[in-house]
Amino acid sequence: MTNANMVFDRFKSLAEVPDQSLSRNSTRHRRPEATEQTYTDQRHQMVQRQVVARGVTDDAVLQALETVPRHRFVAANLTHLAYRDAPLPTSHGQTISQPYVVAFMTAAAGLSPQSRVLEVGTGSGYQTAVLAELAAEVYSVELLPDLAQQAQATLAQLDYGNVHVKQGNGYEGWADYAPYDAIVVTAAPTRIPAALVDQLALGGRLVVPVGYSSQTLLVVTKRATGLATEYTIPVRFVPMVGEGEK
Ligand code: SAH
């Protein structure tokens with residue numbers, strides 16, 4: 001038996017110990033308590049196997065992913081899945097993006113410690129936190145009031161003082177703090193929202209998944225001569241809703 005199998009078997013046998021505190025009829029099982037060190041180790045593996053292995057090598061981005069406690073952004077009953085190579089459901093039918101996609105989008109935004117960033121689609125706040133590790137200020141707009149409030153609370157608990165979340169419609173951007181050096185959109189419109197291009201600084205980058213049920217991640221750079229658009233990886237985000245609504 002390989003070492004990996006032994007570890008797996010040990011985990012399995014622990015996971016299958018029934019939780020004595022639950023009622024006799026319950027089919028729920030007790031999972032071993034994860035420690036912060038377990039999460040730190042899982043995070044390191046996530047970065048190496050999911051992100052570096054797929055070609056994202058920007059040191060600052062990798063460091064941000066090593067730092068942000070992704071398990072704090074998922075529901076309590078899903079923390080054991082937080083570092084998987086997959087998106088996960090959040091409340092209200094939304095998702096927290098796959099770690100690799102977060103890393104790719106963050107690298108594509110081309111941030112510096114002076115950058116001011118707008119994010120559209122706060123969701124759980126995980127991508128927001130990753131951006132906040134790298135940029136000076138992050139402004140994030142979320143359509144659903146409950147999610148905006150929840151993300152704001154999580155980010156405050158984790159002491160992200162450079163993050164500003166508001167409930168609003170991302171099709172309008174957030175004009176008060178424009179222009180932005182980067183705009184990262186984590187819900188999919190079917191075409192590029194005009195207000196976001198307006199609120200982008202000259203030389204700034206807009207990272208946005210455009211399309212219907214599956215999309216292409218576009219990286220749009222605003223130049224004096226016009227927009228330069230790069231088509232990058234295929235992605236699958238929830239739709240950006242509320243176009244034309246205030
Ligand atoms: N970045 C998130 C993933 C967000 S999922 C994370 O890391 O967890 C997409 C989010 O976009 C959802 O929360 C959804 O409610 C939000 N959204 C959809 N349309 C929007 C709009 N027009 N303006 C702002 N947010 C929107």
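Considering only residues that are away from the ligand (no atom under 13 Å from the Cβ) and under 21 Å from GLU133 (Cβ atoms), look in segment 72-83 and name the one that is modelled with the lowest pLDDT.
Only one residue fits best here, namely THR79.
Looking at (1) more than 10 Å from the ligand (Cβ to nearest atom); (2) over 25 Å from GLU230 (Cβ atoms), which is the one condition that is false for LEU144?
(1)
Test each condition in (1) more than 14 Å from the ligand (Cβ to nearest atom); (2) assigned to a helix (DSSP H, G or I); (3) within 20 Å of ALA60 (Cβ to Cβ) for VAL197 and report the one that comes out false.
Failing condition for VAL197: (3).
Is there a residue being more than 9 Å from the ligand (Cβ to nearest atom), at pLDDT 95 or above and closer than 23 Å to VAL74 by Cα anywhere in segment 212-230?
Scanning segment 212-230, I find no residue that is more than 9 Å from the ligand (Cβ to nearest atom), at pLDDT 95 or above and closer than 23 Å to VAL74 by Cα, so the answer is no.
Could you check, for segment 51-66, whether at least one of its residues is of a type outside the set (S, T, N, Q), touching a residue at least 12 places away in the same chain (Cβ under 8 Å) and not in a helix (DSSP H, G or I)?
yes
Name the residues in segment 127-140 that are within 12 Å of the ligand (Cβ to nearest atom) and either in contact with a Lys or Arg (Cβ under 6 Å, 6 or more places away or on another chain) or in a loop (DSSP other than H, G, I, E, B) (or both), would you?
none
Quick one: how many residues across segment 176-189 are more than 20 Å from the chain's Cα centre (by Cα) and within 12 Å of the ligand (Cβ to nearest atom)?
Qualifying residue count, segment 176-189: 0.
Among what's in segment 88-118 and is among the β-branched types (Val, Ile, Thr) and closer than 13 Å to VAL56 by Cα, pick the residue that is nearest to the ligand (Cβ to nearest atom).
So, considering only residues that are among the β-branched types (Val, Ile, Thr) and closer than 13 Å to VAL56 by Cα, the one nearest to the ligand (Cβ to nearest atom) is VAL102.
The values are calculated or read from the model by the stated rules, or taken from the named source; none is laboratory data. Not measured: the values here are computed from a predicted model. Positions of Cβ are backbone-derived with ideal geometry, glycine not excepted, and every protein chain shown enters the neighbour counts.
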